[in-house]
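Here the structure comes first, spelled out in structure tokens, and everything after it is commentary.
The values are calculated or read from the model by the stated rules, or taken from the named source; none is laboratory data. Predicted model only: the values in this text are computed from it and were never measured. Neighbour counts run over all protein chains shown; Cβ positions are idealised from the backbone, glycine included. Calculation scope for accessible area: heavy atoms of the full protein, side chains included, ligands and nucleic acids excluded. Shrake-Rupley method; radii C 1.70, N 1.55, O 1.52, S 1.80 Å.
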There are 2 protein chains.
Amino acid sequence: MKLASLKQGRDGRLVVVSDDLAWYADAAAVAPTMQAALDNWADAAPRLAALAEDLNHDAIPKERFHERDAASPLPRAYQWADGSAYVNHVALVRQARGAEMPDSFWHDPLMYQGGSDAFLGPRDPIPLGDPAWGCDMEAEVVVVTDDVPAGIDAVAARSKILLVGLTNDVSLRGLIPGELAKGFGFFQSKPSSAMSPVFVTPDALGERWRDGKLHGTLCVDLNGQPLGRADAGVDMTFDFGQLIAHAAKTRNLGAGTIIGSGTVSNRDSDGGPGRPVDDGGVGYSCLAEVRTVETIRHGKPSTPFMKRGDTVCIWMDDERHHSIFGAIEQSVA
Amino acid sequence: MKLASLKQGRDGRLVVVSDDLAWYADAAAVAPTMQAALDNWADAAPRLAALAEDLNHDAIPKERFHERDAASPLPRAYQWADGSAYVNHVALVRQARGAEMPDSFWHDPLMYQGGSDAFLGPRDPIPLGDPAWGCDMEAEVVVVTDDVPAGIDAVAARSKILLVGLTNDVSLRGLIPGELAKGFGFFQSKPSSAMSPVFVTPDALGERWRDGKLHGTLCVDLNGQPLGRADAGVDMTFDFGQLIAHAAKTRNLGAGTIIGSGTVSNRDSDGGPGRPVDDGGVGYSCLAEVRTVETIRHGKPSTPFMKRGDTVCIWMDDERHHSIFGAIEQSVA
């Protein structure tokens, strides 16, 4: 099934969305908000699934679903923990600045604790206080978990994945070096992220959901031009079970925890650092990687970060070219 | 006024607590949970204050308040951002390991994004999967904010402070070096923290709350022996207004954001690295600082981290030796 939160109050209003994203049905009788459903998933999920089936069979009252009316499915969450599972991306960034990548990065996931108190809606503008902050998108896959006990193993952790979606993990590249040099990780350099209009249960993704990964082309357009067409199921060094197990090593995770994959990134077919989409490659899911590849190839980056008025669009289509999660479409304000 | 959340469900049950912590009155008529009150503070605060006044004047039904029945006031929160405002503490830790401290640390706060999805209750045991993780307490002051707009200045930010409390920011010292070396900050090394049973409005703190700081002796006992008696208002390089402004530089903060001071630490009166309480000093608010001072004085640390069965107690008394926030009392499980 597919779920969304229509904009209303701080936590939105939970609705069930038809598989083709054309219609929605009110889900207030089950739970007023997505967090409320997640807090009581064992009870809520079958009732929401019944609603979804009725909606898809036109058996209950329905309204037109407009992605622009959707908030992020969890407009605020109790936890947002973002991994960096496409180690290819990390290796490229390190190569560009001439830094060795520790071998441990291939078997011990990178993960940071992100801010989760105020996600942007999927069509909300990206606030940018200063263009020098170096505004970048990061197109990623996310999952939402049930309650997860501390110490869970990576295989069992897969069974805790309740929902799957996409995110634009907005990054302020100009603030990252100074912040990481201080040693406490990201804070100001990671402002509010935006999530896809719709989150989907793993079972509804069919063959696209396997091995704890989402498979399929993650599309990223910048100002209407193709920027990224990488496959989210390829070159993902750590599956979501491993990422959840990493997050839960020393503590329980509360229901509604959002775990991110990190920027999706595929190796180039020739083993090189990746080519743009119009050069026959799969492109890039963030501008930092574009600039990294430019640096490796030409000695310095030429693509600027996002400026006021620039737009980014992030989505994934199914085999019939229908959007699975709806689109994140944001402009820099 | 003083507020607490009795253990109930995921978010507790909001109650108003008498100034002497002896009684409580139900606050469900105003808001079922503390987060609900914070979401609508302008409306809720005067009604809660009226309840508190009635309770203190014995004008409404009341029940005995037992700290052991309290959850952390926000059993889960949408944001926990912990500063490191007692730069003396940072300087000592760096001195012990022979690392220069950048001068910028005196004017640019350190802050990390912490996990906020599952705080421990003030009397809950501290789960510890492996003694080698090096379990430590960090006694700190916290504030809870209203909605804060991005870009707020440090003086205006003080007016966004709605509640004040204490925390034990549990740290796993054995996991910190490896995690910080990866560059993404703390994650596994910062398991769930615990908060004081009661949070207090700044106005109810009188002279103890001034200049955006809490003044008074923060008491820390380890296994019933005095470990720390530092003054939270002394040597705090950044006040809470500055910490909030730092957190809000690039994004809004949602109502109910918890901002921490970092480990409270006072310079020794002789300018040296600090003496134990039974040696006439104000002691230490975490074991890492004890070990740091031992390293500076004797070349290596001799005090071990916490092991199973060890207990830590954190509280602050008023001038009549009454507990202001109640006590955090935890044993390692």
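In table form, for the structure just shown:
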item	result
Members of the range B:180-208 found to be touching a Lys or Arg at 6+ places or on another chain (Cβ under 9 Å) and either at pLDDT below 95 or more than 25 Å from B:D117 (Cβ to Cβ) (or both), listed by number	B:T201, B:P202, B:A204
Single unsatisfied condition, A:V293 versus (1) open to solvent by 60 Å² or more (accessible area, probe 1.4 Å); (2) farther than 27 Å from A:R123 by Cα	(1)
Close pairs (7 angstrom Cβ cut-off, 6 or more residues apart or separate chains): within 14 Å of B:V93 (Cα to Cα) in the range B:167-180, assigned to a helix (DSSP H, G or I) and open to solvent by 10 Å² or more (accessible area, probe 1.4 Å) anywhere	B:R173/B:A288
Sole residue being within 9 Å of another protein chain (Cβ to nearest Cβ), under 14 Å from the mean Cα position of the chain (by Cα) and within 30 Å of B:L6 (Cβ to Cβ), chosen from B:G129, B:G114	B:G114
Matching residues in the range A:314-333 - criterion: being open to solvent by less than 40 Å² (accessible area, probe 1.4 Å) and either small (G, A, S) or closer than 18 Å to A:V164 by Cα (or both)	A:I314, A:M316, A:D318, A:S323, A:I324, A:F325, A:G326, A:A327, A:I328
Test: residue in the range B:188-198 that is more than 10 Å from chain A (Cβ to nearest Cβ) and without any contact (Cβ under 8 Å) to a residue 60 or more places away in the chain	no
Every residue from the range B:285-299 that is closer than 22 Å to B:S189 by Cα and not β-branched (V, I, T)	B:S285, B:C286, B:L287, B:A288, B:E289, B:R291
Odd one out for B:F119, checked against (1) surrounded by 15 or more Cβ atoms within 10 Å (Cβ to Cβ); (2) at the interface with chain A (Cβ under 9 Å from one of its Cβ atoms); (3) of a type outside the set (V, I, T)	(2)
Of all residues making up the range B:156-185, the number that are open to solvent by 20 Å² or more (accessible area, probe 1.4 Å) and within 21 Å of the chain's Cα centre (by Cα)	5
Options A:Y78, A:Y24: the member that is in contact with a strand residue (DSSP E or B) (Cβ under 6 Å, 6 or more places away or on another chain) and hydroxyl-bearing (S, T, Y)	A:Y24
Condition met for B:R308 (part of a loop (DSSP other than H, G, I, E, B) and modelled with pLDDT of 95 or more)	yes
Checking A:G256 against (1) touching a helix residue (DSSP H, G or I) at 6+ places or on another chain (Cβ under 7 Å); (2) farther than 28 Å from A:Y24 by Cα, the condition it does not meet	(2)
Unmet criterion (only one of (1) under 21 Å from the mean Cα position of the chain (by Cα); (2) at the interface with chain A (Cβ under 9 Å from one of its Cβ atoms)) for B:V148	(2)
Residue that is farthest from A:I314 (Cα to Cα) [pool: residues in the range A:204-233 that are open to solvent by 10 Å² or more (accessible area, probe 1.4 Å) and in contact with a His (Cβ under 8 Å, 6 or more places away or on another chain)]	A:E207
Candidate set from the range B:234-247 (those that are out of contact with any Phe, Trp or Tyr (no Cβ under 6 Å at 6 or more places or on another chain) and surrounded by fewer than 24 Cβ atoms within 10 Å (Cβ to Cβ)); member that is nearest to the other protein chains (Cβ to nearest Cβ)	B:H246
Failed condition for B:S192, given (1) closer than 26 Å to B:P122 by Cβ; (2) of a type outside the set (A, V, I, L, M); (3) surrounded by fewer than 21 Cβ atoms within 10 Å (Cβ to Cβ)	(3)
Residue within the range B:13-36 that is of a type in the set (S, T, Y) and within 18 Å of B:V144 (Cβ to Cβ) present	yes
Out of A:G224, A:G216, A:G254, A:G228, sole residue that is touching a residue at least 24 places away in the same chain (Cβ under 8 Å) and within 14 Å of another protein chain (Cβ to nearest Cβ)	A:G254
Residue in the range A:90-101 that is within 13 Å of chain B (Cβ to nearest Cβ), in contact with a Lys or Arg (Cβ under 9 Å, 6 or more places away or on another chain) and either open to solvent by 70 Å² or more (accessible area, probe 1.4 Å) or at pLDDT 95 or above (or both) present	yes
Residues located in the range B:54-89, provided they are in contact (Cβ under 8 Å) with a residue 40 or more places away in the chain and exposed (fewer than 15 other Cβ atoms within 10 Å of the Cβ)	B:E63, B:R64, B:R68
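A quick yes/no check of all residues on (1) in contact with an Asp or Glu (Cβ under 9 Å, 6 or more places away or on another chain); (2) part of a loop (DSSP other than H, G, I, E, B); (3) within 16 Å of B:I259 (Cβ to Cβ); (4) free of Cβ contacts under 8 Å to residues at least 24 places away in the same chain:
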position: B:D117; (1), (2), (3), (4): no, yes, no, no
position: B:R123; (1), (2), (3), (4): yes, yes, no, no
position: B:I152; (1), (2), (3), (4): no, yes, yes, no
position: B:G165; (1), (2), (3), (4): no, no, yes, no
